[in-house]
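The next block holds one structure in the form of structure tokens; read it before the comments.
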């Protein structure tokens, strides 16, 4: 079995192939491993010029309708983009702003939301989604008080999009009472923040429960897609290493025990990818209940595959896999950091068991 058959997606739709090729080539050229490590040591954690280029290429607006300045694609195509973000261990606010917050704004039906959608899609405004189930937020009239502990890229955001139950609120990050504190992470390239509100003025947007549910499902599937991309790249790198590293006069990849481990990893990646792209298609059909079930299943499988495959990759690279200088470590750290980014994985499993009536 060839490496391409093990790690490449089965979706050969022309648009998906083009999106995949463009994103992969751009990230390989503009954000190689040494650049990523250097960016981790900067205040922002990303290159503003690269962010501007991705906005000019229309990446944030990929899944928006054309009348809102988008490319007219849907969740499936954006999941392809997110998969490549994971493969390239991309940094910057694209996932937080366009992958998490923008779907919530898109589900709102008022002029304020529409204006913000256009600004976020153009890259002129960066949004961060506050949707932490462990947060303690209290609202009194048009003011919010409390803390959300895991908000991706809040430090770079201009606006916070707060999904509180079936209600959507927005607050400027410069508003009174807003404070952001960076939370330590296993992946220094992931900027995760604790956000505190102290009688912060907020604006409620017009949103339906179904729209909020679909937006959450979309955010879940976008994160799941990045897990798949990271796991696939880690698998590719390990297969290449096993084919070039020799012991006893032969490539170590020819040893049966290692073949079995790589086969298990390939199955995990393939299963997760098919679940992710199937769930993205379900989101596109617009049924909140079906979308929630499908996306949570995909997210659980993808997060588990990412951690297991990257752990195997570290081990099979031997001593160099544990060094700071080798790129394989970037993938393991990202898998661990992102595992609970959309809520604790153990809680997702419990919810799935209950939803399927297995409890």
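Structure above, values below:
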item: Full-stretch length increase - residue 324, residue 263 - with 0.36 nm per residue and alpha-carbon distance subtracted; result: 19.3 nm
item: Spin-label model distance (nm) - residue 356 vs residue 18, 7 Å beyond Cα toward Cβ; result: 3.8 nm
item: The chain: relative contact order in percent, alpha carbon pairs under 8 Å with at least 6 residues between; result: 17 percent
item: Estimated inter-spin distance, residue 198 and residue 25, nm [label 7 Å along Cα→Cβ]; result: 5.1 nm
item: Angle in degrees between helix 288-316 and the longest Cα principal axis of the chain, rounded to the nearest 10; result: 40 degrees
item: Size of segment 168-281 as Cα extents on the principal axes (Å, biggest first); result: 69, 33, 15
item: Amide N proximity, segment 79-94 versus residue 240 label position 7 Å along Cα-to-Cβ, cut-off under 18 Å; result: 84-90
item: Antiparallel DSSP beta bridges within the chain, as percent of all bridges there, nearest 5; result: 85 percent
item: Tilt relative to the chain, helix 345-355 - C-alpha long axis, 0 to 90 degrees, to 10; result: 70 degrees
item: 10 Å binning of all Cα-Cα separations within segment 208-256, expressed as whole percents from 0 upward; result: 23, 25, 20, 15, 11, 6, 1
item: Alpha-carbon centroid distance for the pair segment 327-357 / segment 75-97, whole angstrom; result: 17 Å
item: Descending Cα extents along the principal axes, segment 95-134, whole Å; result: 30, 21, 11
item: Size descriptor, Kirkwood hydrodynamic radius, that averages inverse alpha-carbon separations across segment 127-208, Å; result: 12.6 Å
item: Average Cα contact separation per residue, segment 127-208, under 8 Å, 6 or more apart, as relative contact order %; result: 34 percent
item: Calculated FRET efficiency for the pair residue 208/residue 42, C-beta based, R₀ 45 Å, to 0.05; result: 0.65
item: Relative packing of peptides 279-287, 327-335 - highest average C-beta neighbours within 10 Å first; result: 327-335, 279-287
item: For segment 124-193 and segment 282-298, distance of Cα centres in Å; result: 25 Å
item: The chain - mean residue ellipticity at 222 nm from DSSP helices (-39,500 (n - 2.57) per run, n ≥ 4, rounded to 500); result: -17000 deg cm²/dmol
item: Stokes-Einstein diffusion coefficient of segment 210-355, Kirkwood radius over Cα pairs, 25 °C, 0.890 mPa s, in µm²/s; result: 154 µm²/s
item: Additional length obtainable on full extension of the chain from residue 290 to residue 143, 0.36 nm per residue less Cα span; result: 49.5 nm
item: FRET efficiency, 1/(1 + (r/R0)^6) with R0 22 Å, evaluated for residue 67 and residue 112 via beta carbons; result: 0.80
item: Alpha carbon convex hull of the chain, volume per residue in cubic angstrom; result: 133 Å³
item: Volume per residue that the Cα convex hull of segment 1-140 spans, once the total is divided by residue count, Å³; result: 159 Å³
item: Angle between the chain longest axis and helix 256-285 axis [Cα atoms, degrees, rounded to 10]; result: 30 degrees
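Just so you know, all these numbers are worked out from the coordinates, no wet-lab data involved. Computed from a prediction, not measured in an experiment: that's the story for all the values here. Methodologically, a virtual Cβ is constructed for each residue, glycine included, from the backbone with ideal geometry; neighbour enumeration extends over all protein chains shown.
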